[in-house]
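Data block below; observations after.
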Amino acid sequence: MILSESLLIFLAIYGLSIRLPENFMWLVVLLTVAFNIYTSIRLESDEPVTEQEIFFQITMDVFAIAALLYLTGGASNPITWVFLLPVIITTIMLSSSYSWYMVILTTSVYTALIAFNVPLPSIEPHEPDPQLLHPDMAYYEMLQHAHIMRDKSYFNLHMFGMWFGFVFSAGLVAFFVAELAKTLKNQERSLAEARENALRDERVIALGTLAASAAHDMGTPLGTIAILAHELEQEYPEHRFPSVHEKMLIMQQQIKRCKETLSVMSASAGEMRAESGRVMLLTEYIDDVIKQWRTHKATAKLSFFVDPSVASDAKIIAERTLTHAIINVLNNAAEASPPEKGIEFHASWDLNQVNIKIRDFGAGLPQDLAGLAGKHPVVSKKRGLGVGLFLTYATINRLGGKIDLYNHEAGGACVEITLPLLSNPEDDDDDPGFGQAPFITGR
């Protein structure tokens with residue numbers, strides 16, 4: 001608005017040579033600049049912007065436009081089209097009551113400008129030289145000719161002003177309406193994402209309820225199986241039945257693992273271990289995740305690539321659900337990949353986020369399931385997706401991260417996880433890790 005007003009003032013005074021109260025017009029522009037400075041300071045605060053404040057801002061714009069029109073002919077100025085812009089903006093952004101208030105305000109100001117204004121200065125045309133006129137022409141004919149020329153000059157100037165006012169107002173309306181429409185689309189997209197997240201959270205809660213119920217129901221059968229396994233171990237001693245005894249020990253280990261998993265599932269969120277949300281160095285956390293995964297997949301082959309290209313002392317919140325989510329992705333990759341090829345684990349990070357890529361060398365993800373990953377659980381294991389991946393998506397999104405699942409160009413599927421890191425103000429002063437080459441551990 002300030003740039004447009006300045007352009008119009010320069011065009012009218014220096015382009016069209018119209019004598020206008022330039023000092024007062026620049027004063028209005030300076031007051032608008034001062035009000036914008038106040039607005040920019042206000043926006044730096046944490047207080048939310050209310051509808052009343054937005055209406056007040058638009059009202060100040062109306063008064064600024066009215067002041068400029070008052071100094072340039074009032075309602076006779078063809079730029080009065082610009083009064084439509086505040087009405088349109090108010091109608092799009094605010095409720096209907098504010099729209100009618102703005103209609104009343106602009107109509108009242110427009111009406112007042114009809115009676116109260118500084119008239120535009122007269123623009124006298126060049127009168128013809130009397131010596132060039134025919135001597136028989138009467139004096140009144142010369143005056144009539146001058147009057148016609150003056151009317152024609154006024155008419156041409158007014159037509160040009162109306163044309164320019166329409167073009168200028170149409171451009172402003174198109175610009176502001178397009179920007180507001182873009183903002184509304186972004187808001188609608190955000191609301192759609194929020195609704196999708198809410199639906200996913202509802203599914204997660206339902207799955208959590210079913211898991212807790214299943215854990216409660218399975219406790220007694222597992223206890224009975226554990227007693228029977230112990231009795232069978234006593235009945236088949238190792239020195240007489242070494243093969244059966246070894247199998248019984250494996251069974252007892254698996255039963256113990258199931259009971260530990262069910263105990264964790266049965267615990268409520270408030271009873272989770274304190275260390276499940278502790279702050280850890282990212283390098284230590286990655287090592288801890290790999291060690292936990294190794295306890296269940298000791299024979300799986302893993303190619304481990306880590307690239308701390310910026311911050312070697314980056315920290316992350318080591319939450320239990322996040323650890324389970326990453327381990328679940330590793331398990332799925334190990335099951336999908338041939339044993340001789342194994343899987344790849346890539347980790348790189350900067351000051352703000354960490355990027356983890358887990359790739360397998362299997363058949364890849366079917367194209368018809370690429371868009372379903374993480375949207376809802378797919379029960380069929382033949383299709384390569386289950387409840388675990390759905391919960392992994394929910395966990396990563398809840399922690400402010402992002403997860404993408406796609407087929408790698410060289411074959412196999414790849415899961416890319418992006419997670420935010422804890423901000424460290426001291427990182428801005430130091431420069432650790434620049435220029436370091438990535439290190440690769442053995443398989």
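The values are calculated or read from the model by the stated rules, or taken from the named source; none is laboratory data. The model shown is predicted, which means the values in this text are computed figures rather than measured ones. Here the Cβ is made from the backbone with ideal geometry for all residues, glycine too, and neighbour counts use every protein chain on show. Heads up: the accessible areas ignore ligands, DNA and RNA and are worked out on the full protein's heavy atoms, side chains in. Shrake-Rupley method; radii C 1.70, N 1.55, O 1.52, S 1.80 Å.
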Would region 34-50 turn up any residue that is part of a helix (DSSP H, G or I) and under 18 Å from Val109 (Cβ atoms)?
yes
Considering each residue of region 396-424, count those that are of a type in the set (Asp, Glu) and touching a Ser or Thr at 6+ places or on another chain (Cβ under 9 Å), and give that number.
1
Among the residues of region 284-294, is there at least one that is modelled with pLDDT under 80 and either among the charged types (D, E, K, R) or part of a loop (DSSP other than H, G, I, E, B) (or both)?
no
Between Glu53, Glu22, which is under 34 Å from the mean Cα position of the chain (by Cα), more than 22 Å from Ala174 (Cα to Cα) and either surrounded by 14 or more Cβ atoms within 10 Å (Cβ to Cβ) or among the acidic types (Asp, Glu) (or both)?
Glu53
Selection from region 310-347 of residues that are hydroxyl-bearing (Ser, Thr, Tyr) and under 19 Å from Ala410 (Cβ atoms):
Ser337
Within region 304-343, the residues that are out of contact with any helix residue (DSSP H, G or I) (no Cβ under 7 Å at 6 or more places or on another chain), open to solvent by 40 Å² or more (accessible area, probe 1.4 Å) and modelled with pLDDT of 80 or more are Phe305, His324, Glu335, Ala336, Pro339, Glu340, Lys341
Out of Leu391, Leu365, Leu369, Leu385, report the one residue that is open to solvent by 50 Å² or more (accessible area, probe 1.4 Å) and modelled with pLDDT under 85.
Leu391
Looking at region 218-257 only, could you name the residues that are charged (D, E, K, R), part of a loop (DSSP other than H, G, I, E, B) and exposed (fewer than 12 other Cβ atoms within 10 Å of the Cβ)?
Arg240
Output for Cβ contacts, cut-off 9 Å, separation at least six or different chains, first residue buried (at least 18 other Cβ atoms within 10 Å of the Cβ) in region 81-94, second assigned to a helix (DSSP H, G or I) and of a type in the set (Asp, Glu), reads Leu85/Asp61; Pro86/Asp61; Ile89/Asp61
